[in-house]
1. Any residue at all in segment 160-181 that's closer than 26 Å to Glu274 by Cα, exposed (fewer than 15 other Cβ atoms within 10 Å of the Cβ), of a type outside the set (Gly, Ala, Ser) and touching a residue at least 24 places away in the same chain (Cβ under 8 Å)?
2. For the structure I just gave you, tell me whether Val85 is modelled with pLDDT of 60 or more, on the phi < 0 side of the Ramachandran plot, assigned by TED's automatic domain parsing to the domain that holds Met215 and not in a loop (DSSP other than H, G, I, E, B).
3. Which one of Val142, Val105 is within 30 Å of Leu231 (Cβ to Cβ), at pLDDT 70 or above and not in a loop (DSSP other than H, G, I, E, B)?
4. Look through Ala268, Ala277 and report the one residue that is part of a loop (DSSP other than H, G, I, E, B), modelled with pLDDT of 85 or more and closer than 18 Å to Ala128 by Cβ.
5. Would you check if Pro284 is under 39 Å from the mean Cα position of the chain (by Cα) and either at pLDDT below 90 or part of a loop (DSSP other than H, G, I, E, B) (or both)?
6. Can you tell me which of Gly147, Gly79, Gly113 is at pLDDT 65 or above, over 18 Å from Arg167 (Cβ atoms) and either out of contact with any Cys (no Cβ under 6 Å at 6 or more places or on another chain) or assigned by TED's automatic domain parsing to the domain that holds Ala187 (or both)?
7. Tell me whether segment 226-242 contains one or more residues that are over 17 Å from Val130 (Cβ atoms), assigned by TED's automatic domain parsing to the domain that holds Thr143, among the small types (Gly, Ala, Ser) and without any contact (Cβ under 8 Å) to a residue 40 or more places away in the chain.
Amino acid sequence: MALARSQREIRQRAPLLLVGLLALMFALMALDARENGDATKQHVVRTWTQAIVAPFQRVTSGVVESCLGFFRRLASLRGAAAENVNLKLQVEQIESELGRTRYAVEENERLKGLLDLKEKSSYNAIAAKVIARDPSIWFDTVTINRGRMSGIELNMPVVTPGGIVGRVVATGPWVAQVMLITDERSAAGSVVGAVGSSNALGSVRGLGEKGLLEMRYVSGLEKVEVGNLILTTGQDGIYPAGLIVGQVMDVRPGSATSPHVIKIQPGARLDSLEEVAVLQYKPPQRTAPDQSLPNVEKK
């Protein structure tokens, strides 16, 4: 009730206060406008007027400055947000350009490696690009964009500068399918170390889903260590001698009666194949041994 009464009294007195303030303002303006009055008195009136009005001016000025500052900060935040969006777009563009540049550099390095391989190889090498992978999760076969029209035939070896990839298992006029060396059906005659200087001979086959190779039939008496290089021997009729197969990553030693169990990391990056080379290699024809008996001179 008291609150309602005080509000009602304020509303009743507000017009009187407004009239009083206006009357005071007009009186002060009249005094200030007098041209023939005493300058000292006018200065005193003006001083008292400014002293009375100054607090209200400070409050009003503070409110105005606060509002202006708020809107300036709001405009600044909007400008910063727009600038942030532009900067993010620029960063994304730069990252995209860096990605394309990095891919171009890597592709150039791979193509340079294939060119060096072609120049060093004693066989004609057909450069090809991987255009598809086996739909299974293990990627044991890939499809390349070269086929019979490019001179590719069945069982030709497929390689990269890092090592052998696999062999051609199907051909079309313009494409061919390659079985990777990691496929369980793949095999390659191999040797630990350099061909002709090591007796650690065996056969490498794929381990399928593990992405590794296993070398079998290596005598347990031969020295085999982790990090040894594995090369092809050329005795399988698919791969020429001297190609890199991979490196030994694990050895379970054998004995005089049991062979080593050797795990090999492929030299070629089979999980990220882009370009390969197909070697137009045909193994030398094997001649059957002469089974005729020497002539025995009759006595």
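The values are calculated or read from the model by the stated rules, or taken from the named source; none is laboratory data. None of these values were measured; they are calculated from a predicted model. Note that each Cβ is placed from the backbone with ideal geometry, even for glycine, and that neighbours are counted across all protein chains shown.
1. So the first thing to find is which residues in segment 160-181 are closer than 26 Å to Glu274 by Cα, and the list is 160-181.
Of the ones still in play, those that are also exposed (fewer than 15 other Cβ atoms within 10 Å of the Cβ) are 170, 172-174.
Now narrow it down to the ones that are of a type outside the set (Gly, Ala, Ser): 173-174.
Next, from what is left, pick out any that are touching a residue at least 24 places away in the same chain (Cβ under 8 Å): 173-174.
For segment 160-181, residues closer than 26 Å to Glu274 by Cα, exposed (fewer than 15 other Cβ atoms within 10 Å of the Cβ), of a type outside the set (Gly, Ala, Ser) and touching a residue at least 24 places away in the same chain (Cβ under 8 Å): present.
2. So Val85 fails the test.
3. Of Val142, Val105, the one residue that is within 30 Å of Leu231 (Cβ to Cβ), at pLDDT 70 or above and not in a loop (DSSP other than H, G, I, E, B) is Val142.
4. Answer to the check: Ala268.
5. No, not satisfied.
6. Gly79
7. Restricting attention to segment 226-242, the residues satisfying the condition of being over 17 Å from Val130 (Cβ atoms) are 226-242.
Remaining after also requiring assigned by TED's automatic domain parsing to the domain that holds Thr143: 226-242.
Right, trim to among the small types (Gly, Ala, Ser) and you get 227, 234, 237, 241-242.
With the extra rule that they be without any contact (Cβ under 8 Å) to a residue 40 or more places away in the chain, the set shrinks to 227.
The answer is yes, given that some residue of segment 226-242 is over 17 Å from Val130 (Cβ atoms), assigned by TED's automatic domain parsing to the domain that holds Thr143, among the small types (Gly, Ala, Ser) and without any contact (Cβ under 8 Å) to a residue 40 or more places away in the chain.
Residue by residue, here is whether (1) under 33 Å from the mean Cα position of the chain (by Cα); (2) within 20 Å of Ile164 (Cα to Cα); (3) surrounded by fewer than 15 Cβ atoms within 10 Å (Cβ to Cβ) holds:
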{"residue": "Arg205", "(1), (2), (3)": "yes, yes, no"}
{"residue": "Lys223", "(1), (2), (3)": "no, no, yes"}
{"residue": "Gly234", "(1), (2), (3)": "no, yes, no"}
{"residue": "Tyr239", "(1), (2), (3)": "no, yes, no"}
{"residue": "Asp250", "(1), (2), (3)": "yes, yes, yes"}
{"residue": "Ser258", "(1), (2), (3)": "no, no, yes"}
{"residue": "Val261", "(1), (2), (3)": "no, no, no"}
{"residue": "Ala268", "(1), (2), (3)": "yes, yes, no"}
